[in-house]
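A.B. asks: Following this message is one structure expressed as structure tokens.
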Amino acid sequence: MEAVEPRTNYLNADYGIKSWLLTKDHKRIAVLYLVSITVMFILGGVFALLVRLELLTPGPDLMSSDTYNKVFTMHGIIMVFFFLIPSIPAVLGNFLIPLMIGARDLAFPRINLLSWYIYMVGGIITLVAMVAGGVDTGWTFYTPYSTAVSNTNVIPTAVGIFISGFSSILTGLNFIVTIHRMRAPGLTWFRLPLFVWAHYATSLIMILGTPVVAVTILLVAMERVFNLAIFDPTRGGDPLLFQHLFWFYSHPAVYIMILPPMGVMSELVTCFSRKRVFGYNFIAVSSLAIALLGFLVWAHHMFVTGMSIYAALIFSFLSFAVAIPSAVKVFNWTATLYKGSISYDAPMLYAFGFIGLFTIGGLTGLFLASLGTDVHLTDTYFVVAHFHYIMVGGAIMGYLGGIHFWWPKISGRMYPEAPARVAAVIVFIGFNLTFFPQFILGYLGMPRRYHYYPDEFQVLNVMSTAGATILGLGYLLPLTYLIWSLRYGAHASANPWNATGLEWTTPSPPPTENFHETPIVTHDAYDYEDFDFETVPLQEVKVG
Amino acid sequence: MPSFFQLFPEQASTISKDVDALFWFITSVSAFFSVLIALLVIYFAVKYRRRSDGDRPRTVEGSLGLELTWTIIPLGIAMMIFAWSAAIYVRIYRVPDDAMQVFVVGKQWMWKMQHMEGQREINELHVPVGRAVKLTMTSEDVIHSFFVPAFRIKQDVLPNRYTTVWFQATKVGVYHLFCAEYCGTQHAGMIGSIIVMEPSEYAAWLSGGAGKSLASSGEVLFQELGCVSCHRSDSGGRGPALTGVFGSTVKLQGGTTVTADEGYLRESILTPQAKIVSGYQPIMPTFKGLVSEEQLLQLIAYIKEQKSSGEDPNHGSR
Amino acid sequence: MEAYSDQRERALETTPAAGPHHADHQHQFDSAAQQYDASTLGMWVFLVTEIMFFGGVFTMYVAYRAAYPGAFGHASNHLNLTLGAINTAVLIASSLTMALAVHSSQMGKRSALVTYLLLTMLLGSVFLGIKGVEYAHKFEEGLVPGPGFTYSGPDANQAQLFFSLYFAMTGLHALHMVIGLVLMAVLVLQARKGRYTKLYHTPIEISGLYWHFVDIVWIFLFPLLYLIARHE
């Protein structure tokens, strides 16, 4: 291999801690986020393993009930607020959106950096609350348990989550303004990569939904501090009001978690089939439909609270409706494969996994949208299985697929392909073994958040824990070889995948300014039939 | 209750079979689409695998016909499931008129049941098979949820209000009762059993218990707490007469009306100023802190018994 | 449009770390006009998030007022209508001075700009001062929710709910005003250094948007908290 000429890129343009902590470069901020959320994912994963270990046996063997309740609470809080919600938008969105639209940076680079600091402050406060005693309310903080009964660190945890919400809001704000105002000449809305459409829809949800949960969780903290009466049933308060306000955000939040990986899917499926996506307009509009409808279904989490039957009918109906645009996307990705030229690189394996697992996860949502079955299934392990299929089988596989796909662009190195494919398969197997038995447990009637359970549930729990072990080992693999590749991976060329998209016209890694000259766009996205394929070796072409 | 491994819960109520039928239908639909997508993906991935670096597929941009098909058909199936499911939901929550009443109080971390006849149970509920049972429930502290998997029913139990659910058991046996809303340290321990018995055995069990019916206990309280001094059975008292009040429409100050259900009676005892009956002064004192949830249920049972004249107010339990 | 391969080749050339420095817009924008557009859109999007933020507490208010109309009416009568009305006038006046500040910046009149900003800050501080006085009164009267709550009416619990919402809503509003005052202090310091001209005064405009929004929130808060059941 010939020696590679050193070239200035965003990673080596400047050295030193200050150049990273005071950076305004969206690519460096994306890397800062990558490190933080990886740490959070490992923490959240450790808590998950503790839960699964305890549930190996029916009895309370490993820890006290109070400790167990804290462990599952903290698993949920970390994974939802500090891993899943930021993950793709803050890492891949931040890194790629300016590149994909031909811009030099986001609209507000300093606000971008501020959003990372806010995330860190919120995260640190929450972690300190966890270390200093923990919180045991469940990530859902239902009142009056969280406001009047629990004697754990509710207030600092609520404050930490409140603060980190602003990180989300600022990211969404930045994306919306950037996508509206900074597209390169010729890049009309319907020429945008679907990754950008997905993040636009996600950003709409972020800015509209997050403030509501922010003020709600703030009021929970204030109620504890100042002894307010807002959710106190003994003083006329309504604990269900909390649930309405909480779920008004937290349901759209799950679409914040799934729309970005859907955006990744469109990029992966097209690149590794070498074909335009089937039904571009439908996928783009479906993203907006999901965002809109997602705001209208929140009370499907409350069907057994005693709500009016008429309200329940409306929310159930709308919950079925919101499933349709997601189904449309799955059909379109599948159709994209038809008569393509399909390769099995690791990102594509993750894409296959996503399509299968998201389909199952989404379909199991039908059982919960359906009133008659939801009565039996809500608050059981069926729900746990359903949302883990979407969030882990869907979102995390999408995240990993995206990380692998854009790893050469972000780091300038190729990851080792063989271990990556093995890891994808191990993750897929481990995942299914962990969560499929939980559907059965749920229908049998095992409730959620149980520290100990009747004996007849044990066999399925043992299967689930076995799967969790395999899944955990599967996740360790990318962690290892991606870090390994930073030093020992092959240097990547500008476009190792022969993909369309403006990000692939820059070097790997890109220079700080992204583009020497603003590109002018005259093609639709994914125009593989006109694409100038070059058989580009993985190693960088020597310059000059 | 089984202690061996099982894959599917028992069907022990009139609604279980219907919920299960719907469940299997949705499962079939889900399995069909999952397998369809999986097979298509695998088939395409193999059939159209890249054979050489020179592969250049032709574009297939889209098809309005396909898009409409795979939007409308799933929507249609979804609507079918919705309608079928809604019908079941309505049946779960519309209580039959002839249901026998049981009161449930949930608290951290136990279930307290009260039969009208006076029987009290903790974490166990004896019921006769083949009889509709209506549960009126409240919580003393946080939100709990009353869940009987074998009956396929679940209802949250909230503080400061009553929620109701009903079931009719179809099989004699013992079935799990779980709390299904996280409620603190011993949430996993807030479990019990529903014990379904033949009607004759149930009657025997009832009579074996300690004496006083709920309504008789309520009558005692009604005297002891001084309610009788204002709420006389004639219309001359400082408070409205309570004969026949339960289930009637009450006219309030300001012109609005309210149906006098259990929740109204409970509220009137705890926060009497919330709804003043038209034509009366707001002088009733509050009994908050002076009566427990069980005592409230006894008073309510007694008031329910106060039928209009012509019926014996001391008639035994329903 | 040049072929991809040519684009790629150009991109692979050594690029300078940053483009030429522009005096009138930041490097990520192509022109001052684009920067202005983006900044304004950004502020409007931010105000939408603020609407949702206050919307949460307003929803709580609506839900509880619908449940306890009588109690809310009685409790509202305990608020000081005079001070509330004065505050409303003060805040509307401050929006006027803010609008005049924006206008001055558009005209390039530096001293007028500084004067009007300072006036706005003064009026905002008056508002906060009066609010502080009201809060102190409530504390003396025992109307702060919690163990010290003393209420003579029959529906004390619902009244406590009203006052919980009163303090939460006006407290959040006051916090936003404090942030606005800090913002304006920064603007004053920058304006005195001559930072804002006819050609560039975007921060003044978007701060004006923020201040008007805070004013509008009060326009909703005042009648909902102070003016219900006043006909008695």
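Since every read-out is calculated from the coordinates, none of them should be taken as a lab result. The structure displayed is predicted, hence computed values, not measured ones. For neighbour counting, all protein chains shown are included, and Cβ atoms are generated from backbone atoms with ideal geometry for every residue, glycine included.
A.B. asks: Counting only helical runs of four or more DSSP H residues, what would the 222 nm mean residue ellipticity of chain C come to if each run contributes -39,500 (n - 2.57) and the total is spread over all its residues?
C.D. replies: For chain C, the value works out to -26500 deg cm²/dmol.
A.B. asks: Another question, then. Which of the aspartates and glutamates could a cross-linker span from residue B:154 if the Cα-Cα distance has to be under 12 Å and same-chain partners fewer than 8 positions apart are dropped?
C.D. replies: A:374, A:379, B:181
A.B. asks: Provide a whole-number value for the mean count of partner chain Cβ atoms within 10 Å of the Cβ atoms in peptide A:217-229. List each step's numbers first, then the result.
C.D. replies: Working: counts 1, 5, 7, 0, 0, 5, 3, 0, 1, 7, 8, 10, 13.
For this peptide, the per-residue mean of nearby foreign Cβ atoms is 5.
A.B. asks: For the peptides C:76-88, A:344-356, what is the packing order when you average, over each peptide's residues, the other Cβ atoms within 10 Å and list the highest mean first?
C.D. replies: In descending order of packing, they fall as A:344-356, C:76-88.
A.B. asks: Further, regarding this structure: How far apart, in nanometres, would the label points at residue A:487 and residue A:309 be if each is projected 7 angstrom from Cα along the Cα-to-Cβ direction?
C.D. replies: For the pair residue A:487/residue A:309, the computed spacing is 6.8 nm.
A.B. asks: Still on this structure, please answer the following. From the P(r) of the range B:214-305, can you give the percent of Cα pairs sitting at distances over 18 Å?
C.D. replies: 40
A.B. asks: Would you mind working out the magnitude of the charge dipole of chain A relative to its Cα centre, with +1 at each Lys and Arg C-beta and -1 at each Asp and Glu C-beta, to the nearest 20 Debye?
C.D. replies: Charge dipole, chain A, about its Cα centre: 520 debye, nearest 20.
A.B. asks: Which of the chymotrypsin sites (Phe, Trp or Tyr not before Pro) found in the range B:30-70 are loop residues per DSSP with 16 or fewer other Cβ atoms within 10 Å of their Cβ? Let's see the in-between values first.
C.D. replies: On the way: sites: B:32, B:33, B:43, B:44, B:48, B:70; in loops: B:48.
Those that pass, being in a loop and sparsely packed, number zero.
A.B. asks: On to the next question. Just going by the charge dipole of the range C:81-232, with Lys and Arg at +1 and Asp and Glu at -1 on Cβ, which of C:145, C:177, C:121 is farthest out on the positive end?
C.D. replies: Projecting each Cα onto the dipole axis, the largest value belongs to C:121.
A.B. asks: Fewest Cβ neighbours within 10 Å first, please rank B:164, B:249, B:136 accordingly.
C.D. replies: In order of increasing Cβ crowding within 10 Å: B:249, B:164, B:136.
A.B. asks: Would you mind working out the magnitude of the charge dipole of the protein assembly as shown relative to its Cα centre, with +1 at each Lys and Arg C-beta and -1 at each Asp and Glu C-beta, to the nearest 20 Debye?
C.D. replies: 1320
A.B. asks: Measuring from label point to label point, each 7 Å out along Cα→Cβ, what is the residue A:462 to residue B:21 span in nm?
C.D. replies: About 3.8 nm separates the two model spin labels.
A.B. asks: Where does the charge balance sit around residue A:383 when Lys and Arg score +1, Asp and Glu -1, over other residues with C-beta under 15 Å from its C-beta?
C.D. replies: Spelling it out: positives minus negatives among the neighbours equals -1.
A.B. asks: Something else now. With a 10 Å radius around each residue's Cβ, average the other Cβ atoms per peptide and rank B:94-101, A:504-511, highest first.
C.D. replies: A:504-511, B:94-101
A.B. asks: Rounded to the nearest 20 Debye, what is the dipole magnitude of the range C:40-226 about its Cα centre when Lys and Arg each give +1 and Asp and Glu each give -1 at the C-beta?
C.D. replies: Details: 9 positive and 7 negative charges, 173 e Å.
Here the size comes out at about 820 debye.
A.B. asks: For residue C:44 and residue C:82, FRET efficiency with R0 = 45 Å and r from the beta-carbon atoms, rounded to 0.05?
C.D. replies: 0.80
A.B. asks: Using 20 Å as the cut-off for backbone N distance, which residues of the range A:455-469 belong to the label zone defined by a point 7 Å from the Cα of residue A:422 along Cα→Cβ?
C.D. replies: A:467-469
A.B. asks: Please give the calculated 222 nm ellipticity per residue for chain A, where each DSSP H segment of at least 4 residues contributes -39500 (n - 2.57) and the sum is spread over every residue; nearest 500 deg cm²/dmol?
C.D. replies: Mean residue ellipticity, 222 nm, calculated: -21000 deg cm²/dmol.
A.B. asks: Loop-only check: which trypsin sites (Lys or Arg not before Pro) in the range C:136-232 are DSSP coil with at most 15 other Cβ within 10 angstrom?
C.D. replies: Taking the range C:136-232 and a limit of 15 other Cβ atoms within 10 Å, the loop trypsin sites (Lys or Arg not before Pro) found are C:193, C:195, C:198, C:230.
A.B. asks: Another question, then. Per-residue mean of other chain beta-carbon atoms within 10 angstrom of the beta-carbon, peptide B:159-168?
C.D. replies: Mean partner-chain Cβ count within 10 Å for B:159-168: 3.
A.B. asks: Ignore the peptide's own chain and count Cβ atoms of other chains within 10 Å of each Cβ in A:312-323; give me the average, rounded.
C.D. replies: 3
A.B. asks: Could you state the number of Å between the C-alpha centres of the range A:9-36 and the range A:450-523?
C.D. replies: What the calculation gives is 19 Å, centre to centre.
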